[in-house]
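The values are calculated or read from the model by the stated rules, or taken from the named source; none is laboratory data. Just so it is clear, the structure is predicted and the values come from calculations on it, not from any experiment. Neighbour counts are summed over all protein chains in view; Cβ atoms, including those assigned to glycine, are modelled from backbone coordinates with ideal geometry. The accessibility values were calculated without ligands, DNA or RNA, using every heavy atom of the protein model including side chains. Shrake-Rupley method; radii C 1.70, N 1.55, O 1.52, S 1.80 Å.
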Amino acid sequence: MSSINGEPSKIGETSLPGSPSRKQSEDGRDGLSQEEGLVEGFRETGTISTDPVYEAKARVLNAAIQEIGMGWYQWQLFIVVGFGWANDNLWPIVTSLILTPIANEFKPAYPPILSLSQNIGLLAGAMFWGFGCDIFGRKLAFNLTLLVTGVFGLLAFTSPNFVAICIFSALWSFGVGGNLPVDSAVFLEFLPGSHQYLLTVLSIDWALAQVVATLIAWPLLGHRTCQTEENCTRAANMGWRYFIIVMGGLCMVEFVIRFLFFTVYESPKYLMGKGLEEQAVKVVHEVARRNGKTSTLTIEDLRACEPSGARQQTDTRAVLKRKLEKLDLSHVRALFATRQLAFSTSLIMTIWALIGLGYPLYNNFLPYLQSLRSIDFGDGSTNVTYRDTLVVAAFGIPGALLGGYLVEVPRLGRKGTLCLATLMTGGFLYGSTTARTSGALLGWNCGFNFSGSIMYSVLYAYTPEIFPTKDRGTGNALTATSNRVFGIMAPIIAMFANLHTAVPVYTSGALFFLAGILVSLLPFESRGKASL
C-alpha cells in the first residue's frame, strides 16, 4: 500500500513516519520518547499529540484509510454530512428571514430576542453534542441532531405568541448547534489524507442552504406576510408559518435519508482512542468492502505501536473506571497540554468568538437592514427585500467553491486563504456604508457574502484538522462554544444599538479585521498533512 507521504509500505512491517515499528515494539522499546512523539506529531500532521502511542496508532489508521482510498462510502458520507453543513446555515437564515413578519404580528418590545433565543440554543447544542460525541460516540449524535432540529422546527408552526416562537427557536437550535462539531469529526476521520480538501468543499452545502431558504422564503414571505405592523393578523401573516413547515419537513427528510438509507460507521480513530481496537479494525475492513477493496490492516498492526507488555484491561472494574474517566476534563486539558498547543487552541477559539459576534451582528439582521436602507433609497417593499436577499445568497456558492481550491494552493493554504477572506469580509462591510443607492448596497452585500463564504468554508475545514482525533469533538465544541457565546451578544447589541445608523456595520467590520490579523498568528498550517 501507499503511505501518506507516498512511499510504499505495508502496515506492521515498515514503520510509518514518527511511529514505532513492529520490531521496535517486540524488542520492548517504544521507539519514541514523549517529547520526540510531540515533535514528530507536528512534523507529520501539523498538530501536537500528547500521547505518542495514540499518535502512532492514528498514523497506522491514516495509512489504512489511504490504502482504501476515496471510494463509494466516503462519497455517500460527503452527501449526508452535507445535510449538517446545510442546516448550520439554513436555520439561522430562517430566523433572520422570519424576524420582520413575526415582529409585525406579535409586536414584541425587543424583536432581537428571537435571535437571542436562537443563539442560546446553538450554544447549548454546541456544548452538549460537541463534548458528548467524545463520550458516547459520533454515530448517535450524527443522527439525533437532525431529528431534534426537524421535530421542533415543525412544532414551531403552532406558536401562538412571541414567547412560544422564541422557545421553539431555542429548541431547534439545540439540534443545529451540534451539526458542525459532530459532522466535521465524522467526515474527517474517514477521509484519506489526499482528500481532506473536501472538508472545505463541503461548504458548498452551507451556501446552497442559504439560496434554498431565501428561494422558498421569497414567494411565502414576500407575498403572504403583513407589509407593516399595522393591522397585522395571524390570517394575513401565515407566510412565515408555511415557511417553517417547509424547513422542518426538509430537515426530517434529511434525517430519514441518514437513518434509513445510509449506514454510518463509528469512527475507527474514536474506537481506537477508547481502546476498542478490534472494532476499529472491523470498521476499516467494512469501509474497504463498501469501496470494493480489501484492507491489510490487522489488530497486530495497532498493538505493535504499544510498549511491550501493555494490554487493554477488559474486566468489569476497568470498564467502569474508563466510563467514569470520560466524565472528567481530560479532553480539554489535552488541548492545552503544551505551550504551543495551548496558544493554538486559545487563538482559534478567539477567532471563532470574534467571527461569532461580527457575522450575526450584520448577517442575522440583513433582511431588516436591507429593508430600512431600501426605504431610505425609495424601495423598501417586502418583495424586493427578499428578492435582494436571494441574490446575495447566490454569491455564497462560488465563494465556497473558490475556498475549496485556494486551500490547496502552495504558500497560501488554509491560513493564507482564511486570513485574506476574513479581511475581505470586513472590507466589504465598510464599503457598504458608502452605498447611496439600493443597487450599490446590494453589490456590497454580494461581495460580503462571497468573501464570507470563503472564510467559513476554510474555517470549518481548518479547525478540526488541527485537533487530534481523540480530542477533536472537544476541540470543535470549544471553538463552537466560543462562537455561540459571542453570537449571543449580537442580538443584545442589536436591541440597544441604533440599526438606522452604520455603527453596527462598523463594529462588525472591525471584528473581522481583528480576526484576520489573528489568523496570521496561528502556528499550524494543515495543508498536505493527514489529520490525526
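Quick notes on this one:
- Any chance Ile244 is in contact (Cβ under 8 Å) with a residue 40 or more places away in the chain and under 12 Å from Phe157 (Cβ atoms): yes
- Taken over region 191-217, the criterion of being closer than 13 Å to Tyr456 by Cα and either assigned by the TED database to the domain that holds Pro398 or among the hydrophobic types (A, V, I, L, M, F, W, C) (or both) is satisfied by Leu199, Val201, Leu202, Ile204, Trp206, Ala207.
- For Ala236, the stated conditions do not hold, so it cannot be described as among the aliphatic types (A, V, I, L, M) and surrounded by 23 or more Cβ atoms within 10 Å (Cβ to Cβ).
- Among the residues listed as Gly137, Gly193, Gly175, Gly153, the single one being in contact with a Leu (Cβ under 8 Å, 6 or more places away or on another chain) and of a type in the set (Gly, Ala, Ser): Gly175
- Helices (runs of 4 or more DSSP H) (entirely within region 7-100) containing at least 2 residues that are modelled with pLDDT of 50 or more: 52-68
- When residues of region 73-89 are limited to those that are open to solvent by 10 Å² or more (accessible area, probe 1.4 Å) and among the hydrophobic types (A, V, I, L, M, F, W, C), the one nearest to Arg289 (Cα to Cα): Trp75
- Inspection of region 433-451 finds a residue satisfying the criterion of being closer than 24 Å to Leu180 by Cα and open to solvent by 10 Å² or more (accessible area, probe 1.4 Å).
- Hits in region 437-492 - residues which are farther than 20 Å from His195 by Cα and charged (D, E, K, R): Lys470, Asp471, Arg484
- Counting the residues of region 168-199 that are of a type in the set (Val, Ile, Thr) and closer than 22 Å to Leu154 by Cα gives 1.
- Among the candidates Leu420, Leu459, the residue that is aliphatic (A, V, I, L, M), in a helix (DSSP H, G or I) and open to solvent by less than 20 Å² (accessible area, probe 1.4 Å) is uniquely Leu459.
- Any helices (runs of 4 or more DSSP H) falling wholly within region 231-299 and containing at least 3 residues that are of a type in the set (A, V, I, L, M): 239-261, 277-290
- Flag for Pro491 being of a type outside the set (Asp, Glu) and either at pLDDT below 80 or surrounded by 17 or more Cβ atoms within 10 Å (Cβ to Cβ) (or both): yes
- Residue ID - nearest to Leu357 (Cα to Cα), chosen from residues in region 494-510 that are of a type outside the set (Val, Ile, Thr), open to solvent by 30 Å² or more (accessible area, probe 1.4 Å) and at pLDDT 80 or above: Ala510
- Look at region 390-410: where a residue is under 13 Å from Val201 (Cβ atoms) and a partner is of a type in the set (D, E, K, R), sitting 6+ places away or on another chain with Cβ atoms under 6 Å, you get Val407/Arg414.
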